[in-house]
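A.B. asks: One structure follows; several queries about it will come next.
No lab work stands behind these numbers, since they all come straight from the coordinates. Keep in mind it's a predicted model, so treat the numbers as computed, not measured. Cβ coordinates were reconstructed from backbone atoms using ideal geometry, including for glycine residues, and neighbour counts include every protein chain displayed.
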4 protein chains.
Amino acid sequence: MNFNRFAIPLLAGACLLTAFTGKAWAYESCHKSKWGPNDQIGALNNITQDNILAAAKLIKKGKSMRMGIETNAKTPAFAPRTYSVTIVRPGQDYAGQTMGNTKTNYHDDILNTWVGIGTQLDGLGHIGIDNTYYNCTPGTEVTGLSGLKKFGIETVPAVATRAVLLDMTALMGKDIIPEGTAFNQPEIEAALKRQGNMKINKGDIVIFYTGWHKLLGVDDKRNGSVEPGLGVQGARYLASLGVAMIGSDTWGLEVIPFENPGQVFHVHQILLAEFGVFILENVVAEQAIKDKVYEGMITVAPHRTTGSVQAIVNPTFIY
Amino acid sequence: MNFNRFAIPLLAGACLLTAFTGKAWAYESCHKSKWGPNDQIGALNNITQDNILAAAKLIKKGKSMRMGIETNAKTPAFAPRTYSVTIVRPGQDYAGQTMGNTKTNYHDDILNTWVGIGTQLDGLGHIGIDNTYYNCTPGTEVTGLSGLKKFGIETVPAVATRAVLLDMTALMGKDIIPEGTAFNQPEIEAALKRQGNMKINKGDIVIFYTGWHKLLGVDDKRNGSVEPGLGVQGARYLASLGVAMIGSDTWGLEVIPFENPGQVFHVHQILLAEFGVFILENVVAEQAIKDKVYEGMITVAPHRTTGSVQAIVNPTFIY
Amino acid sequence: MNFNRFAIPLLAGACLLTAFTGKAWAYESCHKSKWGPNDQIGALNNITQDNILAAAKLIKKGKSMRMGIETNAKTPAFAPRTYSVTIVRPGQDYAGQTMGNTKTNYHDDILNTWVGIGTQLDGLGHIGIDNTYYNCTPGTEVTGLSGLKKFGIETVPAVATRAVLLDMTALMGKDIIPEGTAFNQPEIEAALKRQGNMKINKGDIVIFYTGWHKLLGVDDKRNGSVEPGLGVQGARYLASLGVAMIGSDTWGLEVIPFENPGQVFHVHQILLAEFGVFILENVVAEQAIKDKVYEGMITVAPHRTTGSVQAIVNPTFIY
Amino acid sequence: MNFNRFAIPLLAGACLLTAFTGKAWAYESCHKSKWGPNDQIGALNNITQDNILAAAKLIKKGKSMRMGIETNAKTPAFAPRTYSVTIVRPGQDYAGQTMGNTKTNYHDDILNTWVGIGTQLDGLGHIGIDNTYYNCTPGTEVTGLSGLKKFGIETVPAVATRAVLLDMTALMGKDIIPEGTAFNQPEIEAALKRQGNMKINKGDIVIFYTGWHKLLGVDDKRNGSVEPGLGVQGARYLASLGVAMIGSDTWGLEVIPFENPGQVFHVHQILLAEFGVFILENVVAEQAIKDKVYEGMITVAPHRTTGSVQAIVNPTFIY
């Protein structure tokens, strides 16, 4: 999630912090994993060998699609998030210099980037409820200046399963679904029905296609401040089906403005902290949607940088 | 490639630069792509829909394996390569602070790392011959301080194809293949024969399993200074078969000490600059080797950081 | 202060946190500035035009001495502190490239460093008491992810005043004062007396010379884990005299092991949080000590990077 | 120098490179130091004990003035230059956490910045002539990916000497001197005459006051693309007088547009590469100019980060 875009303005409005505390809705912060006290991978436990075998059978056309957008200094991101890569040619500062009689020379690169820019996989240490994270883990057991002590992105296993694409643009007859449009059980079921009475299975990855990514580079301000997306009830519904991950071609997956303005990134909390369902952002399914293909095999493979909260990913969809 | 480990010492020995220039072996620096002057993806062009469909049929057990090792400050890397991730909690510096009546809080992370640490995909802009890169591209058209102008890692398409694993440890009866052991056509053919007369097809990805990764954290100095690996003739042989990528569980794929000491990272040049064959390093196939499974589907999906020379990857092998 | 070296091990020993809480010594966390609620520069207020004029009269030999040690990747610093500088030549990646008929070319550099490495000036936002900083300022009003909101190093005015050097090695007859040796009022007065009955004036900067810097590069482990230095009573004594800054040729100024093991960096707290006295670390007065000159003019001029907690400085001593 | 602002556009206009090469003006690239082959500090050799003693006598009012502007993310700088500082609180991620019964807590900071932002001291390795640097030093002996091998900013000795301020605004009767206004011998002499027939001595530091800094934050685009400043003849004139450093309240000291459009940053070359005269940029003398004080003692003390090309400095002027 490009969380910062929102978090800072929200926090800045100090009134918010009190405005909603009057109504003493108590959100339970501790949610135990059904896979035991040592579980760090949440709903990824739902992916079994049967999921992989079934997904393999969906590969019919022999097409593969990369779902990642590019990450660079122009990719929309809220302050203070920044990106840079610096290209270097160690020991070859002057061009005559090469190595050996093969005249070998080379480039190397240094990345200096906030991870939450571009296409992202949110790990289970990203969002908490009152400083408690997935599986009732206190923040003090998660946080660490030089890397998370728990739920680091390196813990994610090899993910290959069925992906279900939900074309909300076709369902709603709009090229770009407007901001604030919430996807809850009715919308999800309608999309499935429209796509040939599809069903979502345990261990699936669900990807919403909203057309929102078309605003990238066109209207970054609108893109990054609001979005259509998953609603609170829809999040609970999909989690109840046992999905492993949920993604969208938006920067934050969930509907913004929030359905309830006092519930800040509540969908993120439900998915990550309550159910251990991973979140994908800025995943673009353009090619498959054009092909009217709504299911296939997907792999999601984060760089295993130890202790990272998130990863810049590039899921592969094969159909 | 963890090229630095080698390049700097080699360059430091200035004598090397002259020692081998006496014998005027002229290595042609310009190698045109057979896919035309605009080609930036080289042998990835060999992957077709048939490759994908054939690979899907290899998924029989329903298992998936992540091939990436972890990247962190302890992962062996030559100076001046460094890695760090910094975990932050924007706007929540004091723990009482949460957002909304959902008491939302979160972690974010900042990566500051040389890309060539851990499991890597070398792009075609990584290695050149006398400052000329793949497809006869002059270095001046490739290089750029804030990102490569050509061959940036973001240009890699969605890669899904058959992977062939070659268990060199079983072939040679050793737990860890010693440094300096070259894999050329005879060794490659022997490995294929031992594994049930397998064949390598156009568009395949070939991965050597040498056991060398077992030195990680055990003898990092030996690990990072030498290695068993692909020889010059073997590189030309595999390239002639049309493979898309070649990888190994070593830091640099090719055999070190080099077969010919004056030919510095010549295998890298042959693969990247001559044939456009991508290179994978530190890819570990432990689980499949234990299962005695030598072929399956593989996906390789680099983070699409614009202009990066390389990517920290985590290929997924499905069988 | 290279605080990290200590803080992490101390924190790791969780027992410490409870061990000393039994004895309910209550350390008042709020200390108002006598220069009013808006004061951000503390004891630097003590430096007046008279201080400058008096200091100018101490310039007798016409010598100047830089007091900063070098900061680089080998300068001792506790994990996770790291330093790097990357040299680049924008747009001139291949050596033939120069600009204009003047054939202009240039280097540029990118610093990526924790600030607390090498010779440092600790700002008033560095250390707090129970999350309260100088002038009764709550941590929430100080902290900020992208820069301190208060007490940033850019607020430091032009500092030029008299410096008093205290040669503890000559006083104690040792080349290097051993770790754990505390400097309190008796030792300070003895040093002043030995140096010709010197007096410390309001607005002065006091610098201890202990010989400890001689361990740099020789025994970095010993250097960085313990040190001789200012004691709790000595800190209060010097603060009562109205000194503006106190420094030493050690990494952390204050005596370690601490005089009272439960009082962690208490001297830092007294100086920074109670009295607004700035701290200098790793300031080396070698040349003046050899010249047996113990007073002169000093300038301390931090890089004005907005919101920095500390600065890498290089005070100039003129005599 | 904020060189990038200019260099990239200039280089981008490839025509420039050829446009002026037709007229074969040969600029000698090798200029030997008169202080011998090992000299790395150039005109700083001109500062003697007499300079310091004479400067001390200029301290009459007891005032000190910091000459550095702030460096932060909003300080004008050309792409790809960026600045960030990240504030951290190691081991204290949750506010309850303090150390010991003193309840100690602290902030630390990580700087990640191009050095050429804000007030800068250009070292002698910054600019070359056809890849040759000061004292006939080939670029290959200077450059180094992880720090300059020669002329690193850490080599600068303790600089304390007389500074002469030249108020060009009063001379020319303008609040802000317009861009393109060149300061050569006539203008310099006129300014000296107006200020009471002042003389510039060997070892002095000369600072131009142009009012240009008033554009900071007001018209950053104009500020950073052009400027009034030192001309080619004026640079040679001041160098011939033996000045140690020359600075201005502009981002690049020298007049832009250049007097001769084919001579790109030629003043920089003359000062740094020919004469070893150091350059200061964005040094603001506001307070002294208001006081109509034109001479005093100055100290310039770069952070001693080993191998840095430049330093972010904050000169202290005392009068």
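A.B. asks: Which whole-Hz ³J(HN,Hα) couplings does segment D:41-47 yield from phi under the Karplus relation 6.51 cos²θ - 1.76 cosθ + 1.60, θ = phi - 60°, glycine and proline marked x?
C.D. replies: So the Karplus estimates, Gly and Pro as x, are 10, x, 5, 5, 4, 6, 7 Hz.
A.B. asks: Other chains' Cβ within 10 Å of A:125-132 residues: what's the mean? Walk me through the numbers before you get to the answer.
C.D. replies: Values: counts 4, 4, 5, 8, 5, 7, 10, 2.
Mean partner shielding for this stretch: 6.
A.B. asks: Next question. Quick one: grab the alpha carbon gyration tensor of segment C:185-319, order the square roots of its eigenvalues as a ≥ b ≥ c, and give me rounded if a/c is under 1.5, else prolate or oblate depending on whether a/b is larger than b/c.
C.D. replies: Since a/c stays below 1.5, the shape of segment C:185-319 is classed as rounded.
A.B. asks: Translational D (Stokes-Einstein, µm²/s) of segment A:132-252 at 25 °C and 0.890 mPa s when Rh comes from the Kirkwood sum over C-alpha pairs?
C.D. replies: The estimated diffusion coefficient comes to 152 µm²/s.
A.B. asks: Can you list, shortest first and in nm, the gaps between the label point of A:Lys292 and those of its counterparts in the other copies, using a point 7 Å from Cα in the C-beta direction?
C.D. replies: Once sorted, the set of distances for A:Lys292 reads 4.7, 8.8, 10.0 nm.
A.B. asks: Rounded to the nearest 500, what is the protein assembly as shown's calculated 222 nm mean residue ellipticity when only DSSP H runs of at least 4 contribute -39500 (n - 2.57) each, over all residues?
C.D. replies: Mean residue ellipticity, 222 nm, calculated: -5000 deg cm²/dmol.
A.B. asks: I would also like to ask the following. Could you please report the charge total around D:Asn184, scoring K, R as +1 and D, E as -1 over all other residues with beta-carbon less than 14 angstrom from its beta-carbon?
C.D. replies: -3
A.B. asks: Something else now. Output the relative contact order of segment C:177-291, whole-number percent, from Cα pairs under 8 angstrom with separation of 6+ residues.
C.D. replies: Computed over segment C:177-291, the figure is 32 percent.
A.B. asks: Another question about this same structure. Using only Cα atoms, figure out Rg for chain A and give it as a multiple of 2.2 N^0.38 Å.
C.D. replies: Ratio of Rg to 2.2 N^0.38 Å for chain A: 1.04.
A.B. asks: Only Cα pairs within less than 10 Å get springs; with that Gaussian network setup on chain B, which residue of B:Arg222, B:Arg66, B:Arg236 has the largest fluctuation?
C.D. replies: Of the options given, B:Arg222 has the highest mean-square fluctuation.
A.B. asks: Roughly how many Å is it from the Cα centre of segment A:202-280 to that of segment D:140-206, as a whole number?
C.D. replies: Answer, in whole Å: 58.
A.B. asks: Separate question: Averaged over its residues, how many other protein chain Cβ atoms are within 10 Å of peptide D:56-69's Cβ atoms?
C.D. replies: Mean shielding count: 6.
A.B. asks: Let me ask you something else. Order by neighbour count: C:Trp25, A:Trp35, fewest other Cβ atoms within 10 Å first, most last.
C.D. replies: The order, fewest Cβ neighbours first, is C:Trp25, A:Trp35.
A.B. asks: Using each residue's phi in segment A:306-319, evaluate 6.51 cos²θ - 1.76 cosθ + 1.60 at θ = phi - 60° and report the 3J(HN,Hα) Karplus result to the nearest Hz, with x for Gly and Pro.
C.D. replies: 4, x, 5, 6, 10, 9, 7, 10, 8, x, 10, 10, 10, 8
A.B. asks: Next question, about the same structure. Run through the other copies and list how far each one's label point is from that of C:Lys202, in nm with one decimal, shortest first; the point sits 7 Å from Cα along Cα-Cβ.
C.D. replies: Copy-to-copy label distances at C:Lys202, shortest first: 4.5, 7.8, 9.0 nm.
A.B. asks: Could you pull out every residue, at least 5 positions away or on a different chain, whose amide H is within less than 5 Å of the one on D:Thr305? Hs are placed 1.01 Å off N in the peptide plane, and Pro or chain starts have none.
C.D. replies: C:Thr71
A.B. asks: Using only the alpha carbons of the protein assembly as shown, what is the convex hull's orientation-averaged projected area in square nanometres?
C.D. replies: The orientation-averaged projected area of the Cα hull of the protein assembly as shown comes to 48.3 nm².
A.B. asks: Within a 10 angstrom radius of the beta carbon, how do A:Glu254, D:Glu295, B:Glu70 rank from fewest other beta carbons to most?
C.D. replies: The order, fewest Cβ neighbours first, is B:Glu70, D:Glu295, A:Glu254.
A.B. asks: Okay, next question. ³J(HN,Hα) across segment D:123-138 via Karplus (A = 6.51, B = -1.76, C = 1.60, θ = phi - 60°), whole Hz, x for Gly/Pro?
C.D. replies: x, 6, x, 6, 10, x, 10, 6, 6, 10, 10, 2, 6, 6, 8, x
A.B. asks: From the label point of A:Pro178, set 7 Å along Cα to the beta carbon, how far off in nm is each other copy's matching point, shortest first?
C.D. replies: 5.3, 7.5, 8.0
A.B. asks: Which whole-number percentage describes the relative contact order of chain C, with Cα contacts under 8 Å and a sequence gap of 6 or more?
C.D. replies: 29
A.B. asks: Name the most mobile residue of A:Gly196, A:Gly296, A:Gly247, meaning the one with the largest mean-square fluctuation, in a Gaussian network model of chain A with Cα contacts below 10 Å.
C.D. replies: Checking each option, the largest mean-square fluctuation is seen for A:Gly196.
A.B. asks: Related question: Mind checking the mean number of beta-carbon atoms from other chains within 10 Å of the Cβ atoms in C:42-49?
C.D. replies: What the average comes to for C:42-49 is 1.
A.B. asks: What dipole magnitude, in Debye to the nearest 20, does the protein assembly as shown give about its Cα centre under +1 on Lys/Arg Cβ and -1 on Asp/Glu Cβ?
C.D. replies: Working: 112 positive and 112 negative charges, 2 e Å.
Using only the charged Cβ atoms, the result is roughly 0 debye.
A.B. asks: Remind me, what semi-axes does segment B:159-230 give for its equivalent ellipsoid, largest first in whole Å, using sqrt of 5 times each Cα gyration tensor eigenvalue?
C.D. replies: 23, 14, 10
A.B. asks: With N residues in segment C:86-182, what two-decimal value do you get for its Cα radius of gyration over 2.2 N^0.38 Å?
C.D. replies: Against the compact-globule rule of thumb, the ratio is 1.82.
A.B. asks: Highest GNM mean-square fluctuation, chain A, Cα pairs closer than 10 Å: which of A:Val277, A:Val115, A:Val293?
C.D. replies: Greatest mean-square fluctuation among the candidates belongs to A:Val293.
A.B. asks: Shifting gears a bit: For segment A:26-74 and segment D:79-122, compute the distance between their C-alpha centroids and round to whole Å.
C.D. replies: Between the Cα centre of segment A:26-74 and that of segment D:79-122, the gap is 36 Å.
A.B. asks: If you put +1 on each Lys and Arg Cβ and -1 on each Asp and Glu Cβ, how big is the dipole of chain B around its Cα centre, in Debye rounded to 20? Let's see the in-between values first.
C.D. replies: Details: 28 positive and 28 negative charges, 125 e Å.
For chain B, the charge dipole is close to 600 debye.
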